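A short worksheet on the structure shown next.
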Amino acid sequence: MGGALLLFGVAEWAALPLLTDPVPAMRGAGVVAAFLGLGLLIADVFLPVPSSVVMVAHGALFGLVPGAALSLLGGVSATLLAFALGRRGRGIVERVTTPSQRSAADRLLTRWGPWVVVSTRAVPVLAETVAVVAGTSSMRWSVLICAGAAGTAVPALLYAAAGAGADTAMSMLLAVGVALAFSGLLAIAGARLRRSSPLP
């Protein structure tokens, strides 16, 4: 988390327009805006990307469902990247911790890790930190994907609805209902995978 905050501080000091307000660049990019938005959401692992602004822009530029799908893809991809970094960092963790500490942390993450990933996906810095730490545990990739998608679905759809102008009460309720149902199904699927699949 300290490393992430340091990178965020450097990026804020540099005051890059793309990281402070990416909407003008996305609005003028046409179809390329989809790839630009995806790239920004993935780069959020390292940089202070205003992910909520990007998700709103997805909705405004591409509509409710395509915009939400782009944001969901970007959010899950960022989760996978952070998790992969955690996998690569296992050696460092082994050098600075004892076997008993790793065993205790692994038991905790195996039991509660997926739910922590789900609940922190919308929280800046903490989302990436949790995904990296999860990568150092025995959590499976399939469980991580389900948890990341479940935690990203609700904000992705809500921000896309805001960007697309879905401002009626019925539209918002429908968006929330669909997102919650999708998240619930993914969370249940992840829990079943965690119980039934062998550890890597």
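The values are calculated or read from the model by the stated rules, or taken from the named source; none is laboratory data. Since we're looking at a predicted model, the values are computed, not measured. Here Cβ is always computed from backbone atoms with ideal geometry, including for glycine, and neighbour counts include all displayed protein chains. Ligands, DNA and RNA are stripped out before the accessible areas are found, and what is left, the full protein with its side chains, is counted by its heavy atoms. Shrake-Rupley method; radii C 1.70, N 1.55, O 1.52, S 1.80 Å.
So the values come out like this:
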{"read-out": "Heavy atoms of Leu72 accessible to a 1.4 Å probe, total area in Å² rounded to 10", "value": "40 Å²"}
{"read-out": "Dimensionless Rg/Rh of segment 73-121 - Kirkwood Rh, Rg from C-alpha atoms", "value": "1.03"}
{"read-out": "Listed residues Gly91, Ala122, Phe62: farthest to the positive end of the dipole of segment 25-129 (Cβ charges)", "value": "Gly91"}
{"read-out": "Where only C-alpha atoms are counted, convex hull volume of segment 37-141 per residue in Å³", "value": "91 Å³"}
{"read-out": "Loop sites in segment 38-136: trypsin sites (Lys or Arg not before Pro), DSSP, at most 12 other Cβ within 10 Å", "value": "none"}
